[in-house]
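Below is one structure; the comments refer to it alone.
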Amino acid sequence: DDFQAHQNQLSAPIPDPLPNVLRTLILSSNQLTGPIPTLPAAMTSLSVSSNQLTGAPPATPAALGAGNARLCPNVLSPPSPTDAAWDAATGSTPWYADCRAAAVNVPTLGEWALLLLGVAAAGLGARRLRSRQA
């Protein structure tokens, strides 16, 4: 089974546990938080890049093919000891080199709404001030 929900402004942790039949999980470019849960052994493709995920990733699924994983940018840290299988799965050595430096704090939908409300209120206030001065 496959699950894809990329670029949807999702802003919650990834559900845990994930279904054992899950083979493909594409959740990139959202606002997901928390750790990456344990991944099913049958998973062949994973993309969770460009979120706000934290912590160390779980063990690399046995079926995950070389170059079939995207973990960064996120605020992930290497597990101890480092799991070299993630290097192969992501095609990057070390897989975590771009995680911390490139992590982007994406505003939530609520934060955008507050920002737009503030801009609108400032515009109305400026308009009223000008009309009183005229």
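The table for this structure:
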read-out	value
The range 50-59, subset crowded, with 22+ Cβ neighbours inside 10 Å and in a loop (DSSP other than H, G, I, E, B), residue farthest from the chain's Cα centre (by Cα)	Pro57
Residues of the range 74-100 classified as charged (D, E, K, R), open to solvent by less than 50 Å² (accessible area, probe 1.4 Å) and either outside any loop (DSSP other than H, G, I, E, B) or touching a Phe, Trp or Tyr at 6+ places or on another chain (Cβ under 8 Å) (or both), total	1
Where Ile26 falls short, out of the listed (1) of a type outside the set (D, E, K, R); (2) over 11 Å from the mean Cα position of the chain (by Cα); (3) more than 21 Å from Gly110 (Cβ to Cβ)	(2)
Options Leu22, Leu46, Leu32, Leu39; residue that is modelled with pLDDT of 95 or more and more than 20 Å from Tyr96 (Cβ to Cβ)	Leu22
Residue check, Pro37 surrounded by fewer than 16 Cβ atoms within 10 Å (Cβ to Cβ), in a loop (DSSP other than H, G, I, E, B) and without any contact (Cβ under 8 Å) to a residue 12 or more places away in the chain	no
Unmet criterion (only one of (1) at pLDDT 75 or above; (2) among the charged types (D, E, K, R); (3) surrounded by 10 or more Cβ atoms within 10 Å (Cβ to Cβ)) for Glu111	(1)
Scope the range 61-89; condition modelled with pLDDT of 95 or more and either closer than 18 Å to Ala12 by Cβ or among the polar types (S, T, N, Q) (or both); matching residues	Asn68
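The values are calculated or read from the model by the stated rules, or taken from the named source; none is laboratory data. Just so we're clear, the structure is a prediction, and the values are computed from it rather than from any experiment. All Cβ positions, even for glycine, are placed from backbone atoms using ideal geometry, and neighbour counts span all protein chains on display. Keep in mind that these areas ignore ligands, DNA and RNA; they rest on the heavy atoms of the full protein, side chains included. Shrake-Rupley method; radii C 1.70, N 1.55, O 1.52, S 1.80 Å.
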